[in-house]
Amino acid sequence: MKSLITTLKNIFSIKELKDRILYTLLLLLIFRIGTEIVLPGVRADVLKSATNANANDLLGLLNIFTGGAFNNASILALGIMPYITASIVVQLLGFAVPYFQRLQSKEGESGRKKLNQITRLLTVAITLVQGGAYLTYVNSLGAVDTKIPTGIFWLCNSIILSTGTVFSMWLGERITDKGIGNGISLLIQMGIIARLPQAFAFEFSSQASNNNLLIFILELALLFAVIMLTILVVQGVRKIPVTFANRMVGRTSKYMPGEGARDYIPLKLNAAGVMPIIFAQALMFLPATVAQFATKDQSALASSSIFSALNDFMSIPYNIIYFVMVVLFTYIYTALIVNSQQYTDYLKRQNAFIPGIKPGSHTNEFIDSITSRITLPGAIFLGIIAIFPAIAGRVLGINHSFAVFFGGTSLLILVGVALDTLQMIESYLLMRKYDGLVESGKIQGRSSSGINIGAGY
């Protein structure tokens, strides 16, 4: 506890770091206030009674990511999700379309600016489409005030939803530039965290009413263990040693690897991050969601055993298919983002080599084989994490609203964003340590980050 207090003092003793943290908290507060402002013409009481906050479908997932704004029909109901969708589309185009490949890998800063511009324009287009679909959904629930003309309701709220998404995107960029951490990721994390107190209180009251407080304590212990395991796997890397043959002219060994110096290529155990789970969830939810909107006879649809199994995240068929899809998407996404040829080319340019491996094609094959081997445990881990909320709910009897924090996208996003933010804070402390601002010296630096080419979280 003493070291924690000392660390907090050190953090707020650095003016720049303190200002960035306070600025980030202020913008996150503004975002949360926006999620509580209801769209004009929407009857919030009718909407609240008609929606299911714990729905196990795509709409329930969107509600979790937006911190309840989706079910509240707020001005930020779509949140940052259209921007995430646009970013994924642009990233996938970078793997398949030569123009986007050139912008990503060869045009440097100018290419990055063009990609950002394309992503923003695509975000607006996606928001207009999703906004229309969302207003249709709200209208189907009977939550629209009949006194307001239909045309005015659709026009005004389409503009408001688009503006809300653009505003959320702007908040995220401001946090990234002048705050601490990745702004877009923090907005998603804030939406997920906003659901935690309510879920925690509901589970506590449920177990307390049944005199099962010991079971509740065991649930918390299990949650802590799952979080620790997730951190270990997310941070896990396979280090491939690299030797530099020649000393860099004009540089000392303090800054650049010298002759005979050793470095390493860090291959992440979970290089794909949370993307395989997002892709798998979207595909699992999409058929059922489309069927709900396309079928008029909802009772017949609900009575279908196939529909019920694929729409229930706790069913055994759903989780078997879900697990297999997560494993497959992990291999596919890892193959796309971890480019062994990039590593090979980098080593060739730096006159470096992997000990015992010939340069060129042999190095490429070696890195590719290592990547394939470490991807298997990473893929299995992601699959287990993806279905663990269902295990927690079905086997352990934990309510759905609390079970979602035991795995899936919620847990991985919370852990990943928290680690990234803490790493940035730690870097500020380490930079000031040599100036005597970190008096305790308790914060240790991370090991060398190695050669980061082609891989990412």
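Structural remarks
- Meets criteria (of a type in the set (D, E, K, R), surrounded by 13 or more Cβ atoms within 10 Å (Cβ to Cβ) and assigned by TED's automatic domain parsing to the domain that holds ALA77) for LYS106: no
- Looking only at the range 139-195, residues that are within 30 Å of PHE402 (Cβ to Cβ) and of a type in the set (S, T, N, Q) come to 6 in all.
- Selection status of ASP368, among the charged types (D, E, K, R) and under 21 Å from MET275 (Cα atoms): yes
- If you go through the range 339-359 and pick out every residue that is β-branched (Val, Ile, Thr) and in a helix (DSSP H, G or I), you end up with 1.
- The residue pairs whose first member lies in the range 324-337 and is over 18 Å from VAL90 (Cα atoms), whose second member is surrounded by fewer than 17 Cβ atoms within 10 Å (Cβ to Cβ) and among the basic types (Lys, Arg), and whose beta carbons are closer than 9 Å, counting only pairs six or more residues apart or on different chains, do not exist in this structure.
- Selection count, the range 15-50, where residues are of a type outside the set (A, V, I, L, M) and within 29 Å of the chain's Cα centre (by Cα): 12
- GLY450 vs. criteria part of a loop (DSSP other than H, G, I, E, B) and either touching a Pro at 6+ places or on another chain (Cβ under 7 Å) or at pLDDT 50 or above (or both): yes
This table checks each residue for (1) not in a helix (DSSP H, G or I); (2) not aromatic (Phe, Trp, Tyr).
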{"site": "ASN71", "(1), (2)": "no, yes"}
{"site": "ALA77", "(1), (2)": "yes, yes"}
{"site": "ALA86", "(1), (2)": "no, yes"}
{"site": "LEU93", "(1), (2)": "no, yes"}
{"site": "PHE100", "(1), (2)": "no, no"}
{"site": "LEU103", "(1), (2)": "no, yes"}
{"site": "GLU109", "(1), (2)": "no, yes"}
{"site": "LYS113", "(1), (2)": "no, yes"}
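- For the range 6-52, a residue qualifies if it is without any contact (Cβ under 8 Å) to a residue 12 or more places away in the chain and aliphatic (A, V, I, L, M), and the qualifying residues are LEU8, LEU22, LEU25, LEU26, LEU29, ILE33.
- Some residue of the range 406-426 being in a helix (DSSP H, G or I) and touching a strand residue (DSSP E or B) at 6+ places or on another chain (Cβ under 8 Å): no
- Counted residues, the range 338-383 - those being without any contact (Cβ under 8 Å) to a residue 60 or more places away in the chain and within 30 Å of ILE227 (Cα to Cα): 6
- Residue list for the range 373-400, restricted to those being crowded, with 16+ Cβ neighbours inside 10 Å, in contact with a helix residue (DSSP H, G or I) (Cβ under 7 Å, 6 or more places away or on another chain) and within 19 Å of ILE217 (Cα to Cα): PHE388, PRO389, ALA392, GLY393, ILE398, HIS400
- Unmet requirement for GLY181, which otherwise passes all of (1) at positive phi; (2) outside any loop (DSSP other than H, G, I, E, B): (2)
- So LEU155, is it surrounded by 15 or more Cβ atoms within 10 Å (Cβ to Cβ) and either assigned to a helix (DSSP H, G or I) or in contact (Cβ under 8 Å) with a residue 60 or more places away in the chain (or both): no
- Among residues of the range 38-85, those that are over 30 Å from LEU115 (Cα atoms), modelled with pLDDT under 80 and touching a Phe, Trp or Tyr at 6+ places or on another chain (Cβ under 7 Å), counted: 2
The values are calculated or read from the model by the stated rules, or taken from the named source; none is laboratory data. None of these values were measured; they are calculated from a predicted model. Every residue, glycine as well, gets a Cβ built from its backbone with ideal geometry; the counts of neighbours run over all protein chains shown.
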